[in-house]
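The values are calculated or read from the model by the stated rules, or taken from the named source; none is laboratory data. This structure is a prediction, so every number in the text was calculated from the model and none was measured. Please note: Cβ atoms are built from the backbone with ideal geometry, for glycine as well, and neighbour counts cover all protein chains shown.
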Amino acid sequence: MTRPRLGTGRLTRLGVPVLLVAASAVASALLMVAGDGLGEWVFFTVVLSAGALTGWAALRSLSQAVRQRRAVERLRRVDPSGAARAAVRVERDRLSRQISAGLSRTLAGIADDAERALHEDDPSRALRSIHEQARGATSELRRQLGLLRETPDQPGGGATDDPAGAVRRRRVGRADLVLAALAATLALVESVGYSLLAQDWVYWPIVILTVLAASTVLGRTVAPAAAVLAAAGLLVGGWLTSVLVDLAVVPIIGGFWWFASFCVLVWTIGVHAGRSVAELLSVAFFIATAVTTIWLIDPANVPITILVLVGALATGLATGWWRRQARHAGGAIADREAVLEEARRAAVDAERLTMARDVHDVVSHGVGVIAMQAAAAQVCWPQQPESMRRCVQIIRDTVATTQAELGSLPLPTVARDETDLRALVGRIRASETSVELRLRDQVPPGTGEVIYRVVQESLTNVMRHAPGSQVTVDIECIEVSDDAGGRAVRVRVTDDGPGCPTGAGRGYGLIGLEERVRFAGGSLTLRQRGPGFAVEAVLPVPAGSTLSDVPAQVQGESP
């Protein structure tokens with residue numbers, strides 16, 4: 001722990017001169033009433049200045065503690081959920097701008113090319129551009145998903161506790177060296193000057209003891225208890241030297257250097273009162289020794305000695321008390337901010353994953369349809385111009401739908417039903433993909449969105465990785481054999497394509513799909529099935545949902 005400086009280091013530049021001028025004015029007023037001379041004016045000015053500085057240090061510590069307490073109360077009134085919602089709003093806006101900056105421009109370029117393909121005599125160049133931009137959109141999508149699924153670095157995340165810092169030895173600082181030099185210089189000048197005034201000669205052992213006593217302030221940082229005990233020993237040594245040699249000169253006593261040395265030592269120990277019993281006992285012993293030696297030599301100065309030393313100890317105790325209160329409040333602030341930051345971080349991470357899933361669902365499906373239609377349009381031109389126009393029209397409509405959904409990220413919760421599933425399957429069939437929809441039961445309320453995303457991601461992957469394969473979408477309600485009993489919805493999407501290459505991992509789409517299903521309380525299974533691939537999701541039916549059979553004529557819908 002670093003020892004504090006004597007208040008002045010924490011005062012404003014204007015505050016110190018103001019305090020000194022005020023102390024000088026008060027001393028002048030007192031001496032005008034008392035009628036004393038210049039020497040007394042200087043003495044009282046120094047005493048009042050020291051008291052003002054240490055008192056202001058205590059008041060500033062009190063002010064800091066009050067501000068910290070108020071900050072604690074303000075933070076305690078902050079609801080973590082409210083902080084999380086605010087952080088999510090900020091992150092949502094940022095992510096929306098970030099995503100729109102890349103993907104929206106690409107989609108706008110595809111829309112422009114689609115318009116050119118519909119109106120130009122030779123749409124070949126526009127169709128090639130659409131295909132290239134669709135591939136670029138796929139690359140941009142992967143980049144965006146990688147960024148969204150990365151955990152952002154937390155401020156201060158690299159900081160670690162420094163175990164050695166707790167046991168690192170304290171060292172004498174530059175401020176202590178300057179203070180000790182000042183005190184020793186004052187002690188030298190004052191002791192020599194007093195000796196010459198009193199007896200026209202200097203007894204150097206007393207001067208040396210005085211300078212050593214003043215220099216004890218050097219230990220206020222590294223060993224304050226030892227420093228005040230050394231100071232007490234030097235006071236006693238000076239008194240014994242004076243008695244044994246029978247000197248007319250007074251021993252170690254008085255002088256302005258006391259304020260730079262002894263008062264600073266006592267104030268410093270007061271600031272850290274309670275940290276060490278040895279320090280408290282040592283400062284009590286020092287004050288008793290100082291008062292006793294002065295009483296033996298110059299009883300008239302006992303009151304001012306007690307006032308100065310006890311005042312330094314009292315202001316140090318007050319300063320230390322309020323600093324500890326401020327540190328305690330600072331710890332409470334840090335703890336509360338950590339709670340709020342954790343709530344914000346968790347909410348933002350969840351929002352990023354939600355955005356990743358939504359962006360993938362919107363863009364991946366749309367870009368997949370665009371790429372397939374662009375390829376089909378290139379094949380149709382110029383032998384089948386009407387088929388080419390139909391493909392381009394689907395591209396234009398898909399771009400419009402994708403742009404609209406990108407503009408509303410994160411996607412709002414939609415109560416999807418069988419109609420949405422049929423529309424989805426119809427769009428995929430328009431991409432020359434054979435899909436059979438077997439809808440054996442109605443979609444239970446509360447499960448439509450997840451079912452829709454399972455089917456959408458599965459069909460998009462078929463278009464992308466197994467073009468030309470036959471796909472079957474089977475949706476039915478099943479009984480579940482758990483302790484509570486009940487029903488679930490099973491969604492199975494199978495194809496007869498080449499299947500998943502050996503060693504291939506799950507992409508962002510399947511990762512997001514698995515998250516959606518898990519959040520809904522269900523399970524997702526992916527497996528190779530001979531020639532082809534199967535995606536199966538089982539979702540619990542929310543309590544209170546009613547099920548009824550779908551009319552027979554829509555149970556099997558073939559292309």
Return yes when Ala87 is at pLDDT 85 or above, within 30 Å of Thr354 (Cβ to Cβ) and in a helix (DSSP H, G or I) and no when it is not. yes
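Is it the case, given these coordinates, that Leu265 is touching a Leu at 6+ places or on another chain (Cβ under 7 Å), surrounded by 21 or more Cβ atoms within 10 Å (Cβ to Cβ) and at pLDDT 75 or above?
Spelling it out, it is not the case that Leu265 is touching a Leu at 6+ places or on another chain (Cβ under 7 Å), surrounded by 21 or more Cβ atoms within 10 Å (Cβ to Cβ) and at pLDDT 75 or above.
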Return a yes/no flag: does the stretch 364-383 have any residue that is touching a residue at least 60 places away in the same chain (Cβ under 8 Å) and among the aromatic types (Phe, Trp, Tyr). yes
So which residues in the stretch 108-121 are in contact (Cβ under 8 Å) with a residue 40 or more places away in the chain and closer than 23 Å to Val379 by Cβ? Ile110, Ala111, Ala114, Glu115, Ala117, Leu118
Of (1) buried (at least 20 other Cβ atoms within 10 Å of the Cβ); (2) hydrophobic (A, V, I, L, M, F, W, C); (3) under 18 Å from Ala117 (Cβ atoms), Val379 fails just (1)
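Here's a check for you: in the stretch 331-349, which residue that is among the small types (Gly, Ala, Ser) and free of Cβ contacts under 8 Å to residues at least 60 places away in the same chain is farthest from Ala87 (Cα to Cα)?
Gly331
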The stretch 397-452, residues that are free of Cβ contacts under 8 Å to residues at least 40 places away in the same chain, within 25 Å of Glu515 (Cα to Cα) and not polar (S, T, N, Q): Ala404, Pro412, Val414, Ala415, Arg416, Asp417, Asp420, Ala423, Leu424, Gly448, Glu449, Tyr452
Residues within the stretch 280-304 that are closer than 24 Å to Ala58 by Cα and either buried (at least 21 other Cβ atoms within 10 Å of the Cβ) or of a type in the set (Gly, Ala, Ser) (or both), tallied: 4
Report whether or not Ala260 is over 14 Å from Ala183 (Cα atoms) and at pLDDT below 85. no
Looking at Ile99 and the list (1) exposed (fewer than 13 other Cβ atoms within 10 Å of the Cβ); (2) within 16 Å of Arg352 (Cβ to Cβ), which single condition is not satisfied? (1)
